[in-house]
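Single-structure report; data block below.
Where a number appears in this text, it was derived from the coordinates with a stated rule and is not lab data. From a predicted model like this one, the values you see are computed outputs, not experimental measurements. Here the Cβ positions follow ideal geometry from the backbone for every residue, glycine too, while neighbour counts run over all protein chains shown.
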Amino acid sequence: MNPEPGIANHNPEPRTPNPEPLLRVERLTTVFDTARGAVAAVDEVSFDVRAGETLGLVGESGSGKSVTALSIMRLVQPPGRIAGGRLLFKGRDLMTLDDRQMQAIRGAEISLIFQEPMTALNPVFRIGDQIGETLVVHRRATRREARGKAIELLRSVRIPNPESRVMDYPHQLSGGMQQRVMIALALACQPSLVIADEPTTALDVTIQAEILDLLREMKAALGLALLLITHDLGVVAETADRVAVMYAGRIVETGPVRDIFRRPAHPYTRGLLASIPGGRPGGRLRAIDGTVPLLGDLPTGCAFTPRCPDRFDRCPTAPPPDYPVGPEQAAKCYLHEPQSAINQQSAVTNQQLPYGPR
Amino acid sequence: MALVEVSHLVKRFTRDAGWFRRGVTVAAVDDVSFAIDEGETFGLVGESGSGKTTTGRCMLRLIEPTAGEVRFRGENVLAFTRARMRQARRDMQIVFQDPYSSLNPRMRARQIVEEPLIIHRIGRRAERRARVAELFDLVGLNPAHLERYPHEFSGGQRQRIGLARALALNPSFLILDEPVSALDVSVQAQVVNLLMDLQERLKLTYLFIAHDLRLVEHICSRVAVMYLGKIVEVGPTASLFAAPQHPYTKALLSAIPIPDPDAPRQRIVLDPALINRGAVLREIAAGHFAAV
């Protein structure tokens, strides 16, 4: 296996030296202690988030994508715990920080936007005070300064009449407006990394489009990096620069967004793209067989084996390592093992499957 | 001939006045009319709160509508007595969005699917058992899992149980209220394929309530778009998706994220000033109506 996991290391060809990524997650493992022993929800996950980029982390429920987000913020609650790995943020390992130091990072350097703004906002405080609190805590702002800054932030996320809205309670706002408040809150201290966990899943499609536009604009204006967690490949295609695909606690494929959509290398990624409704109306969709496996009851070797149309005898033996499939693309699949005879065959499948423009 | 005909359906919800507040009446469904042909899949789309779920529930009288007519095979369902309504429900069934909350966790899968047969006094015990096994097979569930409880099934399997229950009485019309939106992406396609197969085999007519417009485009023959309780546009899917006319439909279709990084994108933001509230539906292409 590759001695140093991480996307940058899979590049077989020389290229311009990559500056230190903003966040490097190295072999992160987060387990949940159950009566039947520890179950890994996140299993040796490695990826980089570069300054100013959007990395789309794609996966279905139970794939471990949300636990990955909580682990980066070190907010995993018992019975969950981080069992290993490093979280290098601007060169510092977040795992070595004490609670007080970590508190200074959360919200100020890295902030988190949740799926359900109504549950993430405190219902008994005015939204202006909730935004202001972040500034008072992290930036030692006075109450008066905090109020002024909160109005400015609400205006920047395009909430109409911010001067009066600042006095509103969360329930007085629509879902889309609440999510704008969450974004204002996340941006209050000008973090360099924002983690957005399914930020638009609870919203209507027109509101989703507005929120994604807003995130894109904010990202460009403030030069921040975005780790966007989603199950929606359409959202990824519209927002991400690079993509990491998670399945059963592991990242099975990473690459630039265009390569992932044009030349998906892992059979799971190919299956996800192929199952999107499209093509001839009324035609059968290309479904992936079977169901997502339960953590704690994962198949041996590659966890996708039982559902994989391309499986062969090598797959259940051991979890596959990352194999490079392009200058910046890697897949954990034995089809791409350099000496694998099946490699030739996969090239054929590759040509048939990419999801093309409709 | 239309199998189901909804005309001038209205549902108002009223909040009574209290000591410190005035009463409020909102029309969740505001003069909605459409007809569904036998064997077709009719899509009903719109944002949350647009009234699409309420419309579906009013059609089965799970919620009593305030006014209007719902004709099923020509008969006005809203005029039925309780007993006649129960009879009619054998022919019109609903599959709910959430396969977690719509199955009783204390009942075995077999009991859940058998319950409608018991309620409608159909068959003897052995016949019912045979029918349940047949239904399990029909929706692609393993009959060896008949005695399991809902929590022992995955989301996709639970939705299949809900579907088996809905099909138990051999209905001809199914309301599918967001039937796959709670499922994992990789499983959604399986259930969609099953729904299409069942429609062919059993000659079913579907009202498909959904917010996933890509899916609606794929499986519906006609679509109605609801906005603030009214149908603002209705027509053949191909025509409506290719040439939307109402400002809301235009905004809605332009907001669908396209799973292709190179696709050109042109976002249309809804300008409420463009909406003519007083407009009535008028035909702008064959079978394609818009309130503009």
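Per-structure values
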{"quantity": "Convex hull of Cα atoms in the stretch B:250-292, direction-averaged projection (nm²)", "calculated": "4.2"}
{"quantity": "Residue range of chain B that is longest and free of trypsin sites (Lys or Arg not before Pro) which are both DSSP loop and sparsely packed (at most 16 other C-beta within 10 Å)", "calculated": "B:204-264"}
{"quantity": "Translational diffusion of chain A, µm² s⁻¹ [Kirkwood Rh, Cα pairs; Stokes-Einstein; 4 °C; 1.567 mPa s]", "calculated": "60"}
{"quantity": "MRE, 222 nm, helices only [DSSP H, n ≥ 4, -39500 (n - 2.57), over the protein assembly as shown, to nearest 500]", "calculated": "-9000 deg cm²/dmol"}
{"quantity": "With 5 Å bins from 0: P(r) over the stretch A:84-127, alpha-carbon pairs, percent", "calculated": "5, 17, 20, 19, 15, 12, 9, 3"}
{"quantity": "Rg/Rg_ref, the stretch B:1-98, where Rg_ref = 2.2 N^0.38 Å and atoms are Cα", "calculated": "1.19"}
{"quantity": "Amide H partners (placed H, <5 Å) of residue A:195, local residues excluded", "calculated": "A:111, A:112, A:113, A:227"}
{"quantity": "Most fluctuating residue given options B:27, B:130, B:67, as computed from a GNM of chain B linking Cα atoms under 10 Å", "calculated": "B:130"}
{"quantity": "Chain A: relative contact order in percent, alpha carbon pairs under 8 Å with at least 6 residues between", "calculated": "20"}
{"quantity": "Relative frequency of Cα-Cα separations exceeding 36 Å in chain B, percent", "calculated": "21"}
{"quantity": "Cβ-based exposure ranking for A:207, B:231, in which fewest neighbours within 10 Å come first", "calculated": "A:207, B:231"}
{"quantity": "DSSP-defined beta bridges in the protein assembly as shown - what % are antiparallel, rounded to 5", "calculated": "60"}
{"quantity": "Cβ-based net charge around residue B:169, under 14 Å, with every Lys or Arg adding one and every Asp or Glu removing one", "calculated": "+2"}
{"quantity": "The stretch A:219-262 and the stretch B:8-36: distance between their alpha carbon centers, rounded to Å", "calculated": "43"}
{"quantity": "Lys, Arg +1 and Asp, Glu -1 on Cβ, resulting dipole of the stretch B:188-292 about Cα centre, debye, nearest 20", "calculated": "300"}
{"quantity": "Computed P(r) (all Cα pairs; the protein assembly as shown; 10 Å bins; percent)", "calculated": "3, 14, 23, 25, 20, 11, 3, 0"}
{"quantity": "Dipole-positive endmost among A:225, A:295, A:273 within the stretch A:219-295 (Cβ charges, Cα centre)", "calculated": "A:273"}
{"quantity": "Given charges at beta-carbon only (K, R positive; D, E negative), |dipole| of the stretch B:133-172 in Debye", "calculated": "160"}
{"quantity": "Most positive-pole-ward Cα, B:13, B:50, B:27, against dipole of the stretch B:1-135 from beta carbon charges", "calculated": "B:13"}
{"quantity": "Per-q log10 I(q)/I(0), the stretch A:61-176, q = 0.18 Å⁻¹ (Debye; single scatterer per alpha-carbon; no solvent)", "calculated": "-1.04"}
{"quantity": "Within 10 Å of each Cβ in A:54-64, the average number of Cβ atoms from other chains", "calculated": "2"}
{"quantity": "Helix A:143-156 axis, angle to chain A major axis (alpha carbon atoms, nearest 10°)", "calculated": "50"}
{"quantity": "Peptide-level mean, for B:263-269, of C-beta atoms on other protein chains within 10 Å", "calculated": "3"}
{"quantity": "Using alpha carbons only: equivalent-ellipsoid semi-axes of the stretch B:84-135, gyration tensor based, whole Å", "calculated": "19, 17, 9"}
{"quantity": "Test item: B:211-220 mean partner chain Cβ contacts at 10 Å", "calculated": "4"}
{"quantity": "Alpha-carbon Rg with Dmax, taken over the stretch B:177-243, Å", "calculated": "12.8, 36"}
{"quantity": "Long-range HN-HN contacts of residue A:92 with modeled amide H, under 5 Å", "calculated": "none"}
{"quantity": "Distant alpha-carbon pairs in the stretch B:139-213 (separation over 19 angstrom), percent", "calculated": "34"}
{"quantity": "Chymotrypsin sites (Phe, Trp or Tyr not before Pro) within the stretch A:264-322, DSSP loop, no more than 14 other Cβ atoms inside 10 Å", "calculated": "A:312"}
{"quantity": "Cα centroid separation, the stretch A:39-84 to the stretch B:43-115 (Å)", "calculated": "41"}
{"quantity": "For the stretch B:82-88, 3J(HN,Hα) per residue [Karplus equation, 6.51 cos²θ - 1.76 cosθ + 1.60, θ = phi - 60°, Hz, x = Gly/Pro]", "calculated": "3, 5, 5, 5, 4, 4, 5"}
{"quantity": "Förster radius 35 Å - calculated FRET efficiency between residue B:126 and residue B:101 (Cβ-Cβ, nearest 0.05)", "calculated": "0.65"}
{"quantity": "For the stretch B:116-132, Karplus couplings with θ = phi - 60° (6.51, -1.76, 1.60), whole Hz, Gly/Pro x", "calculated": "x, 5, 5, 4, 8, 6, 10, x, 7, 3, 5, 5, 5, 4, 5, 5, 5"}
{"quantity": "Fewest-first sequence of B:212, B:177 by Cβ atoms within 10 Å of each Cβ", "calculated": "B:212, B:177"}
{"quantity": "Sequence-distant residues sharing a close amide H with residue B:227 (under 5 Å, placed H)", "calculated": "B:232"}
{"quantity": "Net dipole in debye of chain A [+1 Lys, Arg Cβ; -1 Asp, Glu Cβ; about Cα centre; nearest 20]", "calculated": "400"}
{"quantity": "Under-20-angstrom lysine pairs by C-alpha in the protein assembly as shown, whenever the two are 8 or more apart or on separate chains", "calculated": "8"}
{"quantity": "Average Cα contact separation per residue, chain B, under 8 Å, 6 or more apart, as relative contact order %", "calculated": "21"}
{"quantity": "Whole-number percent relative contact order across the stretch A:79-232, with pairs defined as alpha carbons under 8 Å at least 6 apart", "calculated": "28"}
{"quantity": "Likely footprinting exposure, A:308, B:58, fewest C-beta neighbours within 10 Å first", "calculated": "A:308, B:58"}
